[in-house]
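Trainee: First the structure, which I've put down as structure tokens, then a few questions once you've had a look.
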């Protein structure tokens, strides 16, 4: 073997290493994009759950029109539980039992989720609902929700009864 031939072999190994480094950087970039896509999909699914739970609560409140004013829940509260399916309950007890069941379903869909329900009695009846679930808070997503807890994503809606 000549000296020129040996130099060409060494240069080929350096070229191969450089190509592998470029390929490695491209793979890391693709993995980063994959992670961003996964996070966006997770956020969209969480928002879909929030909208479905808001619709469910609205329908529950329409089933018992006289109980809507007792659908009250703070972000850190747990409503009193009761079994109004077997026992006779007044409107307030029914609302609290129904709210407890609804909150359990919300937390089953998204563990450690929180909800705040406020009903306005004065004037035209209105419901304000704030739903929060743990996650990396997206400033643009939760910025319009002033009561959003830290490290939570939040969605807020309201409707008239």
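Trainee: With respect to residue 67, determine if the residue is modelled with pLDDT of 80 or more, surrounded by 16 or more Cβ atoms within 10 Å (Cβ to Cβ) and under 13 Å from the mean Cα position of the chain (by Cα).
Mentor: Considered against the rule, which asks whether it is modelled with pLDDT of 80 or more, surrounded by 16 or more Cβ atoms within 10 Å (Cβ to Cβ) and under 13 Å from the mean Cα position of the chain (by Cα), residue 67 comes out as no.
Trainee: Taking residue 18, is it part of a helix (DSSP H, G or I), modelled with pLDDT of 85 or more and under 30 Å from residue 131 (Cα atoms)?
Mentor: Answer is no for this residue.
Trainee: Residues being under 13 Å from residue 69 (Cβ atoms) and within 20 Å of the chain's Cα centre (by Cα): count how many of those fall in the range 85-117.
Mentor: 2
Trainee: Being closer than 30 Å to residue 154 by Cα, at pLDDT below 90 and either surrounded by 15 or more Cβ atoms within 10 Å (Cβ to Cβ) or in contact with a helix residue (DSSP H, G or I) (Cβ under 9 Å, 6 or more places away or on another chain) (or both): is that true of residue 93 here? I'd like the intermediate steps shown before the answer.
Mentor: Details: closer than 30 Å to residue 154 by Cα: yes; at pLDDT below 90: yes; either surrounded by 15 or more Cβ atoms within 10 Å (Cβ to Cβ) or in contact with a helix residue (DSSP H, G or I) (Cβ under 9 Å, 6 or more places away or on another chain) (or both): yes.
Yes: the conditions hold for residue 93.
Trainee: Can you name every one of the strands (runs of 3 or more DSSP E) wholly within the range 112-161 that holds 2 or more residues which are out of contact with any helix residue (DSSP H, G or I) (no Cβ under 7 Å at 6 or more places or on another chain) and modelled with pLDDT under 85? Break it down stepwise before answering.
Mentor: Working: elements: 114-120, 126-134, 152-160.
No strands (runs of 3 or more DSSP E) qualify here.
Trainee: Okay, moving on. Does residue 105 qualify as being touching a residue at least 40 places away in the same chain (Cβ under 8 Å) and either within 17 Å of residue 53 (Cβ to Cβ) or surrounded by fewer than 19 Cβ atoms within 10 Å (Cβ to Cβ) (or both)?
Mentor: yes
Trainee: In the range 32-77, which residues are assigned to a loop (DSSP other than H, G, I, E, B) and more than 24 Å from residue 161 (Cβ to Cβ)?
Mentor: Selection gives 76 alone.
Trainee: Let me ask something else about it. Among the numbered criteria (1) out of contact with any helix residue (DSSP H, G or I) (no Cβ under 9 Å at 6 or more places or on another chain); (2) at pLDDT 85 or above, which single criterion is violated by residue 5?
Mentor: (2)
The values are calculated or read from the model by the stated rules, or taken from the named source; none is laboratory data. Not measured: the values here are computed from a predicted model. Virtual Cβ from ideal backbone geometry, glycine too; neighbours counted across all protein chains shown.
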